[in-house]
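The values are calculated or read from the model by the stated rules, or taken from the named source; none is laboratory data. Just so you know, these numbers come straight off a predicted model, no measurement behind them. Ideal geometry is used to build each Cβ from the backbone, glycine not excepted, and the neighbour counts take in all protein chains shown.
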Amino acid sequence: MADSRWIIDADQNTFAKAVLETSFKTPVLVDFWAAWCGPCRTLGPILEKLANELAGRFILAKVDSDRNPNLSRQFKVKGIPSVKLVVDAKVVDEFTGALPESKIRAFLDKSLPSKVDRLAEQGMQLARRGVFEEAMKQFKAALDLDPSHANALLGTAQILMANRKNALAAELLDRLKPADAERPEVKTIKARLAFQPGAQDLNGLEWQVAATPDDLEARLSLGRALVGQQRLEEGLDHLLEVVRRDRGFQEDAGRKAVLQVFDMLGPTHPLVKTYRGRLASLLFS
């Protein structure tokens, strides 16, 4: 057995627990080697040195390829040394041959998730399983390290929205870096926030729009309220009517609201295709 808490020997019997299960918490670098292989004897000490130096950013699992031919076949090892990086029980990167230390460092820098990335990913996994309290702890730990980490902010915002804490969710999303704010999933959540049912008097808005059709502020509010109540076609019709009557109203608010609905529904929703065409007809007619 290798003499380090970061280095283990694995075989056919221990691989599932020692490598696959472990990889859900910590990345595992699997080194397929053999006693007769000269390049393996060169590479092995370098990998062990880096495992100890990085002290927990990854676990090094050493697999004797000759003694574990089934594992070698399963992981499509065609030459040794063969090194596979396993994250969440999947091979996410690999290399073959005895690379120099500088290139291995570059490989690890490129391929290893950072500590904050792992915390956020663990939070996402917990949230998908419905373990929200533990997920929030992971997201908080990630944000303590990086207050603008996109996935941690996104995961926290989704849990807050599920608990009707929409104002707090919106504040978190405002902390995203500009590039992250353009991610499709972020736009979807922001759109959902924009159309959350509020305290609007829907009947009152409908009466006001019917009585004064040119009251575009009321029509815009009505369109948003209807979308929030999942009366999507009615809401989109009113938002498009704002665009038709006054494209520049409140700095193009009608068009922007329609695009937010598209973000919320996603590009494959049948209404998006229909109303995207209607919006284009209004804008370019």
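So here's what we get for this one:
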item	result
Those residues of region 63-95 which are of a type in the set (Lys, Arg) and surrounded by 21 or more Cβ atoms within 10 Å (Cβ to Cβ), in sequence order	Lys84
Only one of Ala135, Ala120, Ala150 that is of a type in the set (Gly, Ala, Ser), touching an Asp or Glu at 6+ places or on another chain (Cβ under 8 Å) and in contact (Cβ under 8 Å) with a residue 24 or more places away in the chain	Ala150
Index of the failed condition, Asp31 passing every other in (1) assigned to a helix (DSSP H, G or I); (2) closer than 13 Å to Ile7 by Cβ; (3) touching a Gly at 6+ places or on another chain (Cβ under 7 Å)	(1)
Hits in region 1-56 - residues which are of a type in the set (Ser, Thr, Tyr) and either closer than 16 Å to Asp88 by Cα or in contact with a helix residue (DSSP H, G or I) (Cβ under 7 Å, 6 or more places away or on another chain) (or both)	Ser4, Thr22, Ser23, Thr26
Residue tally, condition at pLDDT 95 or above, assigned to a helix (DSSP H, G or I) and more than 14 Å from Phe107 (Cα to Cα), over region 50-63	0
Selection within region 118-158 - in a helix (DSSP H, G or I) and closer than 14 Å to Val186 by Cα	Ala150, Asn151, Ala152, Leu153, Leu154, Gly155, Thr156, Ala157, Gln158
Options Ala211, Ala257; residue that is within 18 Å of Ala194 (Cβ to Cβ) and at pLDDT 90 or above	Ala257
Residues (free of Cβ contacts under 8 Å to residues at least 12 places away in the same chain and part of a loop (DSSP other than H, G, I, E, B)) located in region 219-271	Gln230, Arg231, Gly248, Glu251, Asp252, Pro267, Thr268, His269
